[in-house]
Amino acid sequence: MKKNWNGFAKKSIQERLEFVKSQALTSMEAQESLEQNENLSIAVADQLSENVVGTFSLPYSVVPEVLVNGQEYTVPYVTEEPSVVAAASFASKIIKRAGGFTAQVHQRQMIGQVALYQVPDRDKACQAILSQKAELLEQANQAYPSIVKRGGGARELKVEKISGEADFLVVYLHVDTQEAMGANMLNTMLEALKPSLEALSQGQSLMGILSNYATDSLVTATCRIAFRYLSRQKDEARELAEKMVLASHFAQADPYRATTHNKGIFNGIDALLIATGNDWRAIEAGAHAYASHDGAYRGLSRWMMNLETEELIGELTMPMPVATKGGSIGLNPRVVLSHDLLGHPSAKELAQIIVSIGLAQNFAALKALVSTGIQHGHMKLQAKSLALLAGATEAEVPKLVESLIAEKTFNLEKAQILLKNFDHKKKLRLIQSEFFV
Ligand code: NDP
(Lines give C-alpha, C1' and ligand atoms only; values in the text may rest on other atoms or scores of the structure.)
Protein backbone atom coordinates (compact mmCIF):
# COMPACT_ATOMS: atom_id res chain seq x y z
CA MET A 1 0.00 0.00 0.00
CA LYS A 2 1.27 3.50 -0.87
CA LYS A 3 2.06 5.60 2.21
CA ASN A 4 2.19 9.34 2.12
CA TRP A 5 5.51 11.12 1.96
CA ASN A 6 4.83 13.61 4.79
CA GLY A 7 7.84 13.97 7.06
CA PHE A 8 10.19 12.23 4.60
CA ALA A 9 12.81 15.00 4.91
CA LYS A 10 12.91 14.59 8.68
CA LYS A 11 13.57 10.84 8.61
CA SER A 12 17.09 9.40 9.07
CA ILE A 13 18.92 8.23 5.95
CA GLN A 14 18.22 4.58 6.87
CA GLU A 15 14.49 5.33 7.31
CA ARG A 16 14.41 7.18 3.98
CA LEU A 17 16.09 4.24 2.26
CA GLU A 18 13.52 1.83 3.65
CA PHE A 19 10.69 4.13 2.64
CA VAL A 20 11.92 4.59 -0.94
CA LYS A 21 12.58 0.86 -1.29
CA SER A 22 9.05 0.02 -0.23
CA GLN A 23 7.27 2.84 -2.04
CA ALA A 24 9.06 3.63 -5.24
CA LEU A 25 11.25 0.73 -6.34
CA THR A 26 9.96 -2.23 -8.23
CA SER A 27 12.91 -4.54 -8.86
CA MET A 28 14.95 -6.42 -6.25
CA GLU A 29 18.14 -5.37 -8.12
CA ALA A 30 17.24 -1.69 -7.73
CA GLN A 31 16.38 -2.18 -4.04
CA GLU A 32 19.75 -3.83 -3.43
CA SER A 33 21.56 -1.19 -5.47
CA LEU A 34 20.00 1.58 -3.35
CA GLU A 35 20.68 -0.27 -0.12
CA GLN A 36 24.36 -0.82 -1.02
CA ASN A 37 24.80 2.69 -2.40
CA GLU A 38 26.15 1.02 -5.54
CA ASN A 39 28.16 3.42 -7.67
CA LEU A 40 30.16 3.52 -10.87
CA SER A 41 33.09 1.10 -10.59
CA ILE A 42 36.58 2.28 -11.44
CA ALA A 43 36.79 -0.41 -14.16
CA VAL A 44 33.68 0.91 -15.95
CA ALA A 45 34.77 4.52 -15.39
CA ASP A 46 38.02 3.64 -17.14
CA GLN A 47 36.01 2.42 -20.14
CA LEU A 48 33.78 5.53 -20.19
CA SER A 49 36.46 8.21 -20.21
CA GLU A 50 40.20 8.68 -20.63
CA ASN A 51 43.07 9.30 -18.17
CA VAL A 52 40.80 8.04 -15.37
CA VAL A 53 42.29 8.11 -11.87
CA GLY A 54 39.10 7.72 -9.82
CA THR A 55 35.37 8.40 -9.66
CA PHE A 56 33.46 11.40 -8.30
CA SER A 57 30.36 11.41 -6.08
CA LEU A 58 27.49 13.84 -5.50
CA PRO A 59 24.42 13.68 -3.23
CA TYR A 60 21.65 11.50 -4.65
CA SER A 61 18.18 12.62 -3.47
CA VAL A 62 14.54 12.10 -4.41
CA VAL A 63 11.74 14.57 -5.05
CA PRO A 64 8.50 12.72 -4.37
CA GLU A 65 4.93 13.35 -5.56
CA VAL A 66 5.64 14.80 -8.99
CA LEU A 67 2.33 14.43 -10.81
CA VAL A 68 2.65 14.59 -14.61
CA ASN A 69 -0.28 13.78 -16.91
CA GLY A 70 -2.04 11.99 -14.06
CA GLN A 71 0.92 9.76 -13.18
CA GLU A 72 2.88 10.22 -9.96
CA TYR A 73 6.69 9.96 -10.08
CA THR A 74 9.45 9.77 -7.49
CA VAL A 75 12.10 11.85 -9.19
CA PRO A 76 15.83 11.22 -8.62
CA TYR A 77 17.93 14.37 -8.14
CA VAL A 78 21.70 14.70 -8.28
CA THR A 79 22.74 18.08 -6.95
CA GLU A 80 25.13 19.49 -4.40
CA GLU A 81 23.31 22.83 -4.08
CA PRO A 82 21.53 23.29 -0.75
CA SER A 83 17.76 23.98 -0.86
CA VAL A 84 17.21 22.85 -4.48
CA VAL A 85 15.64 19.51 -3.48
CA ALA A 86 13.63 21.10 -0.68
CA ALA A 87 12.28 23.75 -3.07
CA ALA A 88 11.34 21.21 -5.76
CA SER A 89 9.62 18.98 -3.19
CA PHE A 90 7.68 21.92 -1.80
CA ALA A 91 6.58 23.04 -5.28
CA SER A 92 5.70 19.55 -6.51
CA LYS A 93 3.49 18.98 -3.50
CA ILE A 94 1.54 22.21 -4.04
CA ILE A 95 1.23 21.58 -7.78
CA LYS A 96 0.07 18.01 -7.17
CA ARG A 97 -2.68 19.27 -4.88
CA ALA A 98 -3.65 21.80 -7.54
CA GLY A 99 -4.02 19.06 -10.18
CA GLY A 100 -0.45 18.38 -11.29
CA PHE A 101 1.38 19.11 -14.53
CA THR A 102 0.07 18.65 -18.04
CA ALA A 103 2.91 17.97 -20.43
CA GLN A 104 3.12 17.47 -24.15
CA VAL A 105 5.82 16.42 -26.63
CA HIS A 106 5.32 18.45 -29.82
CA GLN A 107 7.74 16.44 -31.93
CA ARG A 108 10.78 14.25 -31.33
CA GLN A 109 13.41 14.38 -34.03
CA MET A 110 17.07 15.41 -33.99
CA ILE A 111 18.63 17.71 -36.55
CA GLY A 112 22.13 17.38 -37.95
CA GLN A 113 23.91 19.47 -40.53
CA VAL A 114 26.53 19.24 -43.25
CA ALA A 115 28.16 22.58 -44.02
CA LEU A 116 29.37 22.94 -47.62
CA TYR A 117 31.69 25.75 -48.71
CA GLN A 118 33.31 26.89 -51.95
CA VAL A 119 30.10 25.97 -53.75
CA PRO A 120 30.33 27.62 -57.19
CA ASP A 121 26.55 28.13 -57.66
CA ARG A 122 24.56 27.72 -54.46
CA ASP A 123 21.10 27.89 -56.14
CA LYS A 124 22.01 25.23 -58.65
CA ALA A 125 23.54 23.06 -55.90
CA CYS A 126 20.42 23.48 -53.81
CA GLN A 127 18.24 22.19 -56.63
CA ALA A 128 20.61 19.30 -57.36
CA ILE A 129 20.56 18.17 -53.72
CA LEU A 130 16.78 18.48 -53.35
CA SER A 131 16.23 16.52 -56.58
CA GLN A 132 18.05 13.61 -54.88
CA LYS A 133 16.29 13.93 -51.54
CA ALA A 134 14.77 10.43 -51.45
CA GLU A 135 18.08 8.82 -52.41
CA LEU A 136 19.99 10.86 -49.80
CA LEU A 137 17.51 9.90 -47.05
CA GLU A 138 17.90 6.27 -48.07
CA GLN A 139 21.69 6.62 -47.99
CA ALA A 140 21.52 8.10 -44.47
CA ASN A 141 19.35 5.19 -43.32
CA GLN A 142 21.72 2.65 -44.84
CA ALA A 143 24.51 4.17 -42.78
CA TYR A 144 22.61 3.36 -39.54
CA PRO A 145 20.20 0.51 -40.37
CA SER A 146 19.52 -0.51 -36.74
CA ILE A 147 17.54 2.67 -36.03
CA VAL A 148 15.35 1.97 -39.06
CA LYS A 149 14.67 -1.53 -37.68
CA ARG A 150 13.66 0.10 -34.40
CA GLY A 151 11.06 2.23 -36.22
CA GLY A 152 13.14 5.43 -36.56
CA GLY A 153 15.47 6.81 -39.21
CA ALA A 154 16.04 9.84 -41.44
CA ARG A 155 12.76 11.65 -42.12
CA GLU A 156 13.52 14.95 -43.85
CA LEU A 157 16.29 16.81 -45.62
CA LYS A 158 16.38 20.58 -46.13
CA VAL A 159 18.92 22.94 -47.69
CA GLU A 160 19.66 26.57 -46.83
CA LYS A 161 22.05 29.24 -48.00
CA ILE A 162 23.77 30.72 -44.95
CA SER A 163 26.06 33.73 -45.22
CA GLY A 164 28.20 35.44 -42.63
CA GLU A 165 31.88 36.11 -42.99
CA ALA A 166 31.80 33.27 -45.53
CA ASP A 167 29.12 31.69 -47.73
CA PHE A 168 27.81 28.22 -46.91
CA LEU A 169 25.27 25.83 -48.26
CA VAL A 170 23.93 23.93 -45.29
CA VAL A 171 22.12 20.60 -45.54
CA TYR A 172 19.90 19.77 -42.54
CA LEU A 173 18.99 16.15 -41.83
CA HIS A 174 16.02 15.41 -39.53
CA VAL A 175 16.11 11.99 -37.85
CA ASP A 176 13.75 10.05 -35.62
CA THR A 177 16.20 8.62 -33.07
CA GLN A 178 13.58 6.70 -31.03
CA GLU A 179 14.81 6.16 -27.45
CA ALA A 180 18.34 7.52 -28.06
CA MET A 181 19.57 11.11 -27.99
CA GLY A 182 21.13 10.34 -31.34
CA ALA A 183 24.43 12.23 -31.47
CA ASN A 184 26.45 9.28 -32.73
CA MET A 185 23.61 8.14 -34.99
CA LEU A 186 23.32 11.53 -36.66
CA ASN A 187 27.08 11.96 -36.93
CA THR A 188 27.40 8.58 -38.64
CA MET A 189 24.63 9.43 -41.12
CA LEU A 190 26.03 12.87 -41.87
CA GLU A 191 29.53 11.55 -42.45
CA ALA A 192 28.05 9.05 -44.90
CA LEU A 193 26.27 11.81 -46.83
CA LYS A 194 29.34 14.04 -47.26
CA PRO A 195 30.74 12.51 -50.50
CA SER A 196 27.34 12.62 -52.26
CA LEU A 197 26.70 16.19 -51.10
CA GLU A 198 30.15 17.30 -52.28
CA ALA A 199 29.49 15.70 -55.67
CA LEU A 200 26.02 17.22 -56.04
CA SER A 201 27.09 20.71 -54.92
CA GLN A 202 30.57 20.64 -56.46
CA GLY A 203 31.71 22.19 -53.19
CA GLN A 204 33.70 21.05 -50.19
CA SER A 205 32.24 19.74 -46.95
CA LEU A 206 33.53 21.51 -43.85
CA MET A 207 31.83 19.31 -41.26
CA GLY A 208 28.93 16.99 -40.64
CA ILE A 209 27.61 17.13 -37.07
CA LEU A 210 24.51 16.93 -34.91
CA SER A 211 23.03 20.27 -33.85
CA ASN A 212 22.12 20.64 -30.19
CA TYR A 213 19.60 23.31 -31.14
CA ALA A 214 16.88 20.66 -31.05
CA THR A 215 13.93 22.71 -32.31
CA ASP A 216 12.20 19.51 -33.47
CA SER A 217 12.18 18.15 -29.92
CA LEU A 218 10.10 20.78 -28.15
CA VAL A 219 8.25 19.83 -24.98
CA THR A 220 5.76 21.96 -23.04
CA ALA A 221 4.74 21.55 -19.40
CA THR A 222 1.95 23.60 -17.87
CA CYS A 223 0.36 23.84 -14.45
CA ARG A 224 -2.69 25.68 -13.15
CA ILE A 225 -2.58 26.58 -9.49
CA ALA A 226 -5.71 27.90 -7.82
CA PHE A 227 -4.87 30.97 -5.73
CA ARG A 228 -6.01 29.18 -2.56
CA TYR A 229 -2.96 26.88 -2.82
CA LEU A 230 -0.63 29.87 -2.64
CA SER A 231 -1.86 31.17 0.71
CA ARG A 232 -4.79 30.65 3.07
CA GLN A 233 -5.39 34.40 3.01
CA LYS A 234 -7.23 35.34 -0.15
CA ASP A 235 -5.67 38.79 -0.61
CA GLU A 236 -2.19 37.52 0.09
CA ALA A 237 -2.61 34.66 -2.39
CA ARG A 238 -3.74 36.98 -5.15
CA GLU A 239 -0.96 39.46 -4.44
CA LEU A 240 1.56 36.62 -4.59
CA ALA A 241 0.19 35.46 -7.94
CA GLU A 242 0.35 39.04 -9.28
CA LYS A 243 3.97 39.37 -8.18
CA MET A 244 4.91 36.04 -9.76
CA VAL A 245 3.40 37.19 -13.05
CA LEU A 246 5.42 40.41 -12.73
CA ALA A 247 8.56 38.36 -12.05
CA SER A 248 7.83 36.44 -15.25
CA HIS A 249 7.48 39.73 -17.21
CA PHE A 250 10.78 40.87 -15.68
CA ALA A 251 12.53 37.70 -16.93
CA GLN A 252 11.12 38.32 -20.42
CA ALA A 253 12.41 41.90 -20.49
CA ASP A 254 15.84 41.81 -18.81
CA PRO A 255 18.57 39.35 -19.90
CA TYR A 256 20.34 39.74 -16.53
CA ARG A 257 17.27 38.41 -14.78
CA ALA A 258 16.44 35.93 -17.58
CA THR A 259 19.81 34.23 -17.14
CA THR A 260 19.24 33.64 -13.42
CA HIS A 261 15.58 32.75 -14.01
CA ASN A 262 16.75 30.03 -16.41
CA LYS A 263 19.57 28.93 -14.10
CA GLY A 264 16.90 28.27 -11.48
CA ILE A 265 14.97 26.12 -13.98
CA PHE A 266 18.17 24.17 -14.65
CA ASN A 267 18.69 23.59 -10.91
CA GLY A 268 15.99 20.95 -11.32
CA ILE A 269 16.50 19.93 -14.92
CA ASP A 270 20.25 19.28 -14.58
CA ALA A 271 19.71 17.33 -11.35
CA LEU A 272 17.39 14.95 -13.18
CA LEU A 273 19.45 14.87 -16.40
CA ILE A 274 22.54 13.82 -14.44
CA ALA A 275 20.57 11.24 -12.43
CA THR A 276 19.22 9.66 -15.62
CA GLY A 277 22.59 9.62 -17.41
CA ASN A 278 21.71 12.26 -19.98
CA ASP A 279 24.09 14.72 -21.62
CA TRP A 280 23.25 17.88 -19.66
CA ARG A 281 25.68 20.03 -21.70
CA ALA A 282 23.68 19.18 -24.82
CA ILE A 283 20.33 20.07 -23.22
CA GLU A 284 21.74 23.29 -21.66
CA ALA A 285 23.20 24.45 -24.99
CA GLY A 286 19.92 23.81 -26.84
CA ALA A 287 17.79 25.46 -24.17
CA HIS A 288 19.88 28.63 -23.95
CA ALA A 289 19.80 28.98 -27.73
CA TYR A 290 16.01 28.47 -27.60
CA ALA A 291 15.78 31.14 -24.89
CA SER A 292 16.93 33.63 -27.53
CA HIS A 293 14.97 32.28 -30.49
CA ASP A 294 13.27 35.64 -31.13
CA GLY A 295 16.57 37.55 -31.03
CA ALA A 296 16.73 38.45 -27.32
CA TYR A 297 17.65 36.16 -24.43
CA ARG A 298 14.49 35.63 -22.34
CA GLY A 299 13.15 33.56 -19.46
CA LEU A 300 12.13 30.12 -20.72
CA SER A 301 8.99 29.94 -18.59
CA ARG A 302 6.00 32.26 -18.40
CA TRP A 303 3.50 32.79 -15.60
CA MET A 304 0.01 34.21 -16.21
CA MET A 305 -3.13 34.74 -14.17
CA ASN A 306 -6.77 33.92 -14.88
CA LEU A 307 -8.80 36.22 -12.66
CA GLU A 308 -12.10 34.51 -13.50
CA THR A 309 -10.95 31.06 -12.41
CA GLU A 310 -8.59 32.57 -9.81
CA GLU A 311 -5.63 30.58 -11.05
CA LEU A 312 -1.92 31.14 -11.55
CA ILE A 313 -0.86 29.44 -14.78
CA GLY A 314 2.73 28.41 -15.50
CA GLU A 315 4.11 27.26 -18.83
CA LEU A 316 7.57 26.09 -19.86
CA THR A 317 8.52 25.13 -23.43
CA MET A 318 12.02 24.02 -24.38
CA PRO A 319 13.92 21.47 -26.45
CA MET A 320 14.27 18.23 -24.46
CA PRO A 321 15.89 15.52 -26.62
CA VAL A 322 16.66 13.14 -23.77
CA ALA A 323 17.42 9.45 -24.00
CA THR A 324 16.54 6.29 -22.13
CA LYS A 325 18.98 4.20 -24.18
CA GLY A 326 22.55 4.70 -25.40
CA GLY A 327 25.48 6.75 -24.10
CA SER A 328 26.44 5.65 -20.57
CA ILE A 329 22.83 5.00 -19.49
CA GLY A 330 23.08 1.24 -18.99
CA LEU A 331 26.58 1.36 -17.53
CA ASN A 332 26.23 3.44 -14.38
CA PRO A 333 24.36 1.61 -11.57
CA ARG A 334 23.04 4.91 -10.16
CA VAL A 335 21.57 5.78 -13.56
CA VAL A 336 19.96 2.35 -13.85
CA LEU A 337 18.48 2.94 -10.38
CA SER A 338 17.09 6.33 -11.48
CA HIS A 339 15.24 4.81 -14.42
CA ASP A 340 13.79 2.18 -12.08
CA LEU A 341 12.70 4.86 -9.58
CA LEU A 342 10.85 6.63 -12.38
CA GLY A 343 9.20 3.38 -13.47
CA HIS A 344 11.18 3.08 -16.74
CA PRO A 345 9.53 5.89 -18.70
CA SER A 346 10.01 6.18 -22.46
CA ALA A 347 12.19 9.01 -23.78
CA LYS A 348 9.04 11.07 -24.49
CA GLU A 349 7.67 10.49 -20.98
CA LEU A 350 11.05 11.29 -19.43
CA ALA A 351 11.22 14.55 -21.41
CA GLN A 352 7.79 15.51 -20.04
CA ILE A 353 8.84 14.76 -16.44
CA ILE A 354 12.03 16.80 -16.87
CA VAL A 355 10.30 19.90 -18.25
CA SER A 356 7.68 19.63 -15.48
CA ILE A 357 10.46 19.53 -12.89
CA GLY A 358 11.96 22.67 -14.47
CA LEU A 359 8.63 24.42 -14.02
CA ALA A 360 8.30 23.19 -10.41
CA GLN A 361 11.76 24.51 -9.57
CA ASN A 362 10.93 27.82 -11.22
CA PHE A 363 7.65 28.08 -9.27
CA ALA A 364 9.46 27.59 -5.95
CA ALA A 365 12.16 30.14 -6.81
CA LEU A 366 9.72 32.85 -7.97
CA LYS A 367 7.39 32.31 -5.01
CA ALA A 368 10.28 32.69 -2.58
CA LEU A 369 11.81 35.64 -4.43
CA VAL A 370 8.63 37.75 -4.46
CA SER A 371 7.65 36.92 -0.86
CA THR A 372 10.17 36.03 1.83
CA GLY A 373 13.21 36.41 -0.42
CA ILE A 374 15.46 33.58 -1.47
CA GLN A 375 17.82 33.79 1.53
CA HIS A 376 15.10 32.90 4.02
CA GLY A 377 14.88 29.31 2.80
CA HIS A 378 18.57 29.12 2.02
CA MET A 379 19.81 30.26 5.41
CA LYS A 380 19.60 26.97 7.30
CA LEU A 381 21.08 24.94 4.46
CA GLN A 382 23.83 27.48 3.85
CA ALA A 383 24.64 27.42 7.57
CA LYS A 384 24.82 23.61 7.40
CA SER A 385 27.34 23.72 4.54
CA LEU A 386 29.41 26.29 6.45
CA ALA A 387 29.31 24.18 9.62
CA LEU A 388 30.64 21.17 7.70
CA LEU A 389 33.30 23.28 5.98
CA ALA A 390 34.41 24.68 9.35
CA GLY A 391 35.03 21.10 10.48
CA ALA A 392 32.06 20.55 12.82
CA THR A 393 31.37 16.92 13.75
CA GLU A 394 27.95 15.38 13.06
CA ALA A 395 26.97 16.08 16.68
CA GLU A 396 28.19 19.70 16.52
CA VAL A 397 26.48 20.64 13.20
CA PRO A 398 22.93 21.35 14.55
CA LYS A 399 24.25 23.58 17.36
CA LEU A 400 26.58 25.47 15.02
CA VAL A 401 23.75 25.96 12.50
CA GLU A 402 21.56 27.39 15.26
CA SER A 403 24.33 29.76 16.36
CA LEU A 404 25.00 30.97 12.81
CA ILE A 405 21.29 31.68 12.26
CA ALA A 406 21.08 33.50 15.59
CA GLU A 407 24.12 35.61 14.67
CA LYS A 408 22.73 36.21 11.14
CA THR A 409 26.27 36.04 9.75
CA PHE A 410 26.96 33.43 7.12
CA ASN A 411 30.63 33.12 6.42
CA LEU A 412 33.32 30.55 7.08
CA GLU A 413 35.29 32.76 9.45
CA LYS A 414 32.25 33.21 11.71
CA ALA A 415 31.54 29.47 11.63
CA GLN A 416 35.15 28.71 12.61
CA ILE A 417 35.10 31.24 15.48
CA LEU A 418 31.82 29.82 16.81
CA LEU A 419 33.14 26.27 16.54
CA LYS A 420 36.33 27.22 18.38
CA ASN A 421 34.14 28.72 21.09
CA PHE A 422 32.31 25.39 21.44
CA ASP A 423 35.69 23.67 21.84
CA HIS A 424 36.79 26.23 24.35
CA LYS A 425 33.57 25.84 26.39
CA LYS A 426 33.84 22.07 26.13
CA LYS A 427 37.42 22.15 27.41
CA LEU A 428 36.40 24.53 30.21
CA ARG A 429 33.59 22.20 31.25
CA LEU A 430 36.00 19.27 31.24
CA ILE A 431 38.55 21.13 33.36
CA GLN A 432 35.78 22.23 35.74
CA SER A 433 34.40 18.71 36.05
CA GLU A 434 37.90 17.33 36.72
CA PHE A 435 38.47 20.11 39.25
CA PHE A 436 35.28 19.34 41.14
CA VAL A 437 35.71 15.58 41.16
P1 NDP B 1 24.72 5.78 -28.84
O2 NDP B 1 25.86 5.95 -29.76
O3 NDP B 1 24.97 5.04 -27.56
O4 NDP B 1 23.52 5.08 -29.68
C5 NDP B 1 22.36 4.64 -29.12
C6 NDP B 1 22.48 3.18 -28.68
O7 NDP B 1 21.28 2.79 -28.04
C8 NDP B 1 22.69 2.27 -29.86
O9 NDP B 1 23.69 1.34 -29.53
C10 NDP B 1 21.35 1.57 -29.99
O11 NDP B 1 21.48 0.26 -30.43
C12 NDP B 1 20.87 1.55 -28.57
N13 NDP B 1 19.41 1.40 -28.45
C14 NDP B 1 18.80 0.38 -27.80
N15 NDP B 1 17.48 0.51 -27.86
C16 NDP B 1 17.22 1.63 -28.57
C17 NDP B 1 16.02 2.27 -28.96
N18 NDP B 1 14.83 1.80 -28.64
N19 NDP B 1 16.11 3.42 -29.66
C20 NDP B 1 17.33 3.93 -29.99
N21 NDP B 1 18.50 3.34 -29.66
C22 NDP B 1 18.46 2.19 -28.95
O23 NDP B 1 24.09 7.14 -28.41
P24 NDP B 1 23.57 8.37 -29.26
O25 NDP B 1 23.73 8.19 -30.72
O26 NDP B 1 22.21 8.62 -28.75
O27 NDP B 1 24.57 9.50 -28.80
C28 NDP B 1 24.52 9.99 -27.50
C29 NDP B 1 25.93 10.07 -26.93
O30 NDP B 1 26.72 10.89 -27.77
C31 NDP B 1 25.95 10.74 -25.58
O32 NDP B 1 26.86 10.02 -24.76
C33 NDP B 1 26.49 12.13 -25.86
O34 NDP B 1 27.14 12.66 -24.75
C35 NDP B 1 27.42 11.87 -27.01
N36 NDP B 1 27.74 12.97 -27.93
C37 NDP B 1 27.07 14.16 -27.94
C38 NDP B 1 27.35 15.15 -28.86
C39 NDP B 1 26.54 16.39 -28.89
O40 NDP B 1 25.61 16.51 -28.13
N41 NDP B 1 26.84 17.36 -29.74
C42 NDP B 1 28.43 14.95 -29.85
C43 NDP B 1 29.04 13.65 -29.77
C44 NDP B 1 28.73 12.72 -28.84
P45 NDP B 1 21.62 -0.08 -32.00
O46 NDP B 1 22.96 0.39 -32.41
O47 NDP B 1 21.46 -1.55 -32.04
O48 NDP B 1 20.52 0.64 -32.70
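Quick notes on this structure:
- Matching residues in region 222-273 - criterion: being farther than 21 Å from residue 317 by Cα and touching a helix residue (DSSP H, G or I) at 6+ places or on another chain (Cβ under 6 Å): 227, 229, 230, 231, 237, 238, 243
- Looking only at region 44-87, and only at residues there that are polar (S, T, N, Q) and touching a Leu at 6+ places or on another chain (Cβ under 8 Å), the one that is surrounded by the most Cβ atoms within 10 Å (Cβ to Cβ): 83
- Taking region 346-421 as the region of interest, the helices (runs of 4 or more DSSP H) fully inside it that hold 3 or more residues being in contact (Cβ under 8 Å) with a residue 40 or more places away in the chain and within 16 Å of the chain's Cα centre (by Cα) are 347-370.
One line per residue, one yes/no per condition, for (1) small (Gly, Ala, Ser); (2) touching a helix residue (DSSP H, G or I) at 6+ places or on another chain (Cβ under 7 Å):
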site: 294; (1), (2): no, no
site: 303; (1), (2): no, yes
site: 318; (1), (2): no, yes
site: 346; (1), (2): yes, no
site: 364; (1), (2): yes, yes
site: 367; (1), (2): no, yes
site: 384; (1), (2): no, yes
site: 389; (1), (2): no, yes
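- Scan of region 215-235 for residues that are more than 20 Å from residue 308 (Cβ to Cβ), free of Cβ contacts under 8 Å to residues at least 12 places away in the same chain and not polar (S, T, N, Q), ordered by number: 232
- Restricted to helices (runs of 4 or more DSSP H) entirely inside region 1-116, those with at least 3 residues that are more than 16 Å from the chain's Cα centre (by Cα) and farther than 20 Å from residue 330 by Cα are 13-24, 84-97.
- Considering region 175-191, and only residues there that are open to solvent by 10 Å² or more (accessible area, probe 1.4 Å) and more than 9 Å from the ligand (Cβ to nearest atom), the residue that is farthest from the chain's Cα centre (by Cα) turns out to be 191.
- Any hit, region 33-50, residues being modelled with pLDDT under 95 and within 22 Å of residue 353 (Cα to Cα): yes
- Boolean, residue 90 is open to solvent by 50 Å² or more (accessible area, probe 1.4 Å), in contact (Cβ under 8 Å) with a residue 60 or more places away in the chain and of a type in the set (A, V, I, L, M, F, W, C): yes
- Test result for residue 208, closer than 29 Å to residue 348 by Cα, within 16 Å of the ligand (Cβ to nearest atom) and buried (at least 24 other Cβ atoms within 10 Å of the Cβ): no
- Members of region 269-302 that are farther than 22 Å from residue 179 by Cα, in a helix (DSSP H, G or I) and of a type outside the set (Ser, Thr, Tyr): 288, 289
- Test for residue 217: is it within 16 Å of the ligand (Cβ to nearest atom) and buried (at least 22 other Cβ atoms within 10 Å of the Cβ): yes
- Identity of the residue in region 150-161, open to solvent by less than 50 Å² (accessible area, probe 1.4 Å) and more than 16 Å from residue 326 (Cβ to Cβ), that ends up nearest to the ligand (Cβ to nearest atom): 154
- Residues that are more than 16 Å from the ligand (Cβ to nearest atom) and surrounded by fewer than 20 Cβ atoms within 10 Å (Cβ to Cβ), drawn from region 312-332: 313, 315, 317
- Candidates 277, 286 - the one that is within 16 Å of the ligand (Cβ to nearest atom), surrounded by 18 or more Cβ atoms within 10 Å (Cβ to Cβ), under 26 Å from residue 89 (Cβ atoms) and not hydrophobic (A, V, I, L, M, F, W, C): 277
- Residues (under 19 Å from residue 95 (Cβ atoms), surrounded by fewer than 21 Cβ atoms within 10 Å (Cβ to Cβ) and within 16 Å of the ligand (Cβ to nearest atom)) located in region 333-368: 345, 349
- For residue 257, the conditions (1) in a loop (DSSP other than H, G, I, E, B); (2) open to solvent by 30 Å² or more (accessible area, probe 1.4 Å); (3) charged (D, E, K, R) are fulfilled apart from (1).
- Where a residue in region 132-149 is farther than 15 Å from residue 195 by Cα and open to solvent by less than 70 Å² (accessible area, probe 1.4 Å) and its partner, wherever it lies, is within 16 Å of the ligand (Cβ to nearest atom) and among the hydroxyl-bearing types (Ser, Thr, Tyr), with Cβ under 9 Å and at least six apart: 144/188; 147/177
The values are calculated or read from the model by the stated rules, or taken from the named source; none is laboratory data. Here the structure is a predicted model, which means the values were calculated and not measured. We place every Cβ from the backbone using ideal geometry, glycine too, and count neighbours over all the protein chains shown. Only protein heavy atoms, including side chains, enter the accessible area calculation; ligands, DNA and RNA are left aside. Shrake-Rupley method; radii C 1.70, N 1.55, O 1.52, S 1.80 Å.
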